[in-house]
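Heads up, the thing below is written out as structure tokens.
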Amino acid sequence: MTGGVSPLGLRPSPTTYRAGWIHYTNVAPILDSLVLPESVRAITGVPTQMNAALLSGEVDIANISAVEFIRHADVLEALPDFSVAVLGPVYSVNLFHTRPLPELRRIALTAQSAMSVALLEVLLREKGLSPVLERAEGDAESLLAGGYDGVLRIGDSALREWYQVVGPLGERHTMTSLPSTGRGITVTDLACEWFDLTGHPFTFAVWAYRQDNPPPADLVQAMREARRHGIGHLARIAARHAQRLGLPERVVQHYLWNFRYHLEAPDRLGLREFADKAVPGHAPLKFGQRPGPGGTG
Ligand SMILES: C=C(O[C@@H]1C=C(C(=O)O)C=C[C@H]1O)C(=O)O
């Protein structure tokens, strides 16, 4: 076979490239309008599932917890211009608690997340606190009623539970003047805590792949086009997901526009700072080539 054409003159079918998407609402502006090239197949799951799928080779690319990218920086590389990051509050990575942070003794962790657990560990260490951390599933209020004094939750359910605690959002409230307590519960936004500690953005996820198996150019191009389209139609995306989540449209719209999806210099700075604090001695972080001028989408 030469030049990709078989002796019969047939083109070999292109090998399938497998993608794994964490499909929380916060990636809707990238994934909702993504048209996959024919050679790409995608599965979806929660962060810990996608982290495992990428590391076991079940998928070739995934938006994974940034801490897993850092831990496996010797074999992984990340797309240079894709992130799920924020500067300040994120609203969906929340510690729900019933006592002040310094008095917490037992915190329930979600099994869905690697990143928020690593972030919580860094923040607790910085504050000199060492509560017991245990995996436990269930909604925050039941776990708090059942013996935990802190509960860490992420993603769509954390966003909904946050709103149950701090909402409803009256006309006099703006998203920047919301209470952080309600129903006897305080909600600590871990990305806000990171901002208070460092003054930098926090990068929750990157799109990673094995260094020897980068994604086909048409997939990355399609992702950039989908993101441009998604960000341009944020109100529509927010309306659709608000209905699904049972949340007010303006809350979901604020939630979405607050994300930083382009892994810009400040997001990399935050990522490197987190890497040094959470995984001392990690291998250098590797990123693919940034697109040229006008090519970022
Ligand atoms: C901000 C979030 O980011 C997600 C949180 C992750 C984690 O905690 O491991 C992984 C990927 C991110 O997309 C969220 O879903 O609430």
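Taking neighbour Cβ counts within 10 Å as the exposure measure, how do THR110, THR15 sort from fewest upward?
Placing the least packed residue first, the sequence is THR15, THR110.
Using only Cα atoms, tell me the angle between helix 47-56 and the longest principal axis of the chain; keep it within 0 to 90° and round to the nearest 10.
The two axes meet at around 40 degrees.
Taking the Cα centre of the chain as origin, sum charge times position over the Cβ atoms of Lys and Arg (+1) and Asp and Glu (-1), and report the length of that vector in debye to the nearest 20.
320 debye
Report the extension gain between ALA111 and GLU225 in nm, rounded to one decimal, defined as 0.36 nm multiplied by the number of residues separating them, less their alpha carbon distance.
37.8 nm
Have a look at the DSSP beta bridges in the chain and tell me what percent are antiparallel, nearest 5.
In the chain, approximately 60 percent of DSSP beta bridges are antiparallel ones.
To the nearest 0.05, what FRET efficiency results for ARG125 and GLN211 with a Förster distance of 30 Å applied to their C-beta separation?
Here the calculated transfer efficiency is 0.45.
Which FRET efficiency value, to the nearest 0.05, do you get for ASP218 and GLU171 by plugging their Cβ-Cβ distance into 1/(1 + (r/R0)^6) with R0 = 41 Å?
It comes out at approximately 0.30.
Modelling each spin label as a point 7 Å along the Cα-to-Cβ direction, I'd like the GLU137/SER56 distance in nm, to one decimal.
Here the answer is 1.6 nm between the modelled labels.
Kindly work out what percent of the DSSP beta bridges joining two residues of segment 12-168 are antiparallel, to the nearest 5.
25 percent
Could you line up HIS173, HIS23 from fewest to most neighbouring Cβ atoms inside 10 Å?
HIS173, HIS23
Please go through segment 75-167 and write out the trypsin sites (Lys or Arg not before Pro) that DSSP classes as loop and that have at most 13 other C-beta atoms within 10 Å. Write out the running numbers ahead of the final one.
Working: sites: ARG105, ARG106, ARG125, LYS127, ARG135, ARG153, ARG160; in loops: ARG105, LYS127.
Those satisfying the criteria are ARG105, LYS127.
Could you tell me which residue out of SER92, LEU143, THR48 lies farthest along the dipole of segment 48-152 toward its positive end? Charges go on the beta carbon: Lys and Arg +1, Asp and Glu -1, centred on the Cα centre.
Toward the positive end, the furthest listed residue is LEU143.
Where does helix 115-126 land angle-wise versus the long Cα axis of the chain, in degrees 0 to 90, nearest 10?
Taking the Cα atoms of the chain, the angle to 115-126 is about 50 degrees.
So what are the chain's ellipsoid semi-axes, whole angstrom, largest first, if each one is the square root of 5 times an eigenvalue of the alpha-carbon gyration tensor?
Equivalent ellipsoid semi-axes, largest first: 35, 22, 17 Å.
Bear in mind that the values in this text are calculations on the coordinates, not laboratory data. This one's a predicted model, so the numbers in the text were calculated from it and none came from an experiment. We place every Cβ from the backbone using ideal geometry, glycine too, and count neighbours over all the protein chains shown.
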